[in-house]
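None of the figures in this text is laboratory data; all of them are computed from the coordinates on show. Just so it is clear, the structure is predicted and the values come from calculations on it, not from any experiment. Counting neighbours? That spans all protein chains shown, and the Cβs are built from the backbone with ideal geometry, glycine included.
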Amino acid sequence: MRLVILIVLILVVCSLIGWITFSKQAGHSSINIETDQIRADADRAVESGSQLLKNAGQEIDNRVSDKKEPAPTVVNESAPVNR
């Protein structure tokens, strides 16, 4: 029963965003999957994600370049081991 509800919910959401359309003509009804719309939305999502990552990378580069202080050096002195 949960699976049926989930499938109906997915169909409703897809029809609301325009990925699935319903049409009725004289003696003929159809359900259309708008692949061009899905492809366009996917391309926009990929482009948006790409731009988000570029902006995050630039922000990190700006923060790193603002810090003119050199990284501290680590002195590796081994302590004597008593057994």
Restricting the search to the stretch 23-40, which residues are surrounded by 10 or more Cβ atoms within 10 Å (Cβ to Cβ) and not β-branched (Val, Ile, Thr)?
-> Asn32, Glu34, Gln37, Arg39, Ala40
How do the pairs read when you match residues in the stretch 24-38 that are over 18 Å from Val12 (Cβ atoms) with residues anywhere that are outside any strand (DSSP E or B) and aromatic (Phe, Trp, Tyr), using Cβ under 9 Å and keeping only pairs 6 or more apart or on different chains?
-> Thr35/Trp19
